[in-house]
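A.B. asks: Input: one structure, supplied below.
Derivation of every value follows stated rules applied to the coordinates shown; laboratory data play no part. What you see is a predicted model, and the numbers here were worked out from it, not measured in a lab. Note that each Cβ is placed from the backbone with ideal geometry, even for glycine, and that neighbours are counted across all protein chains shown.
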Amino acid sequence: MATGLGRPGQDDVPPESSLAESQRSLSRRRRLAILGVAAAVVAVDQLSKTWALHHTRTPIHIIWTLRLAVTFNSGTAFGLGQNSTSIIVAGVVVLVVVLLGLGRRASRSATVPAAVAMGLLLGGALGNLTDRLVRHHQGAVIDFVDLRWWPVFNVADAAITVGAALLALVMFRARPQVPNAPPAAPPVAPPAAS
């Protein structure tokens, strides 16, 4: 029964369906946030690699030990598993599918930092997978950020590292806190005076 308050038909909607629609809308926004962050990471990663290919054939010193120098990594992170591109591609494809599934599930309840972390992980994995499948470097990933005391990396690698650290932090902070002391007993009323 309409009371005449609010928009026409608004009073006819039970509160449960309004809550469900609000939750679906929030879930869509989280999913879009994950995909938006992932798309931004892939775009920045691929643009930076294209720039590096054209401008850093000879190393460019930036500051202290940081320099930009193109290298081609046919292995996994930190150069492990050299020349096993087909196995790496298959593993990354499985990882991307798992991340998409987790992202879909997480979009129902994830916090904003968790959604950003999932987007960073997904974008980093897709950025490096794009190198292996689309660029013509025999399945190698283009790395160009060289600290000279750390393995050479790229934007996708940085996104994966930051995403994993952020997700670990979110999960650590989400743990239920166990109190050190037992709960206090309720106060006892003083005896009635006679």
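A.B. asks: What full-extension length gain, to one decimal in nm, is calculated for residue 83 and residue 134 as 0.36 nm per residue of separation minus the Cα-Cα distance?
C.D. replies: Details: separation 51, 0.36 × 51 = 18.36 nm, distance 1.70 nm.
Full extension of this stretch gives 16.7 nm more.
A.B. asks: PRE reach from residue 65 (point 7 Å along Cα→Cβ): which of the stretch 113-155 fall under 15 Å by backbone N?
C.D. replies: Output list for this probe position: 145-153.
A.B. asks: Estimate the FRET efficiency between residue 169 and residue 95 by the formula 1/(1 + (r/R0)^6), using the beta-carbon distance for r and 25 Å for R0, to the nearest 0.05. Working shown, then result.
C.D. replies: Numbers: r = 21 Å, r/R0 = 0.82.
With a Förster radius of 25 Å, E is 0.75.
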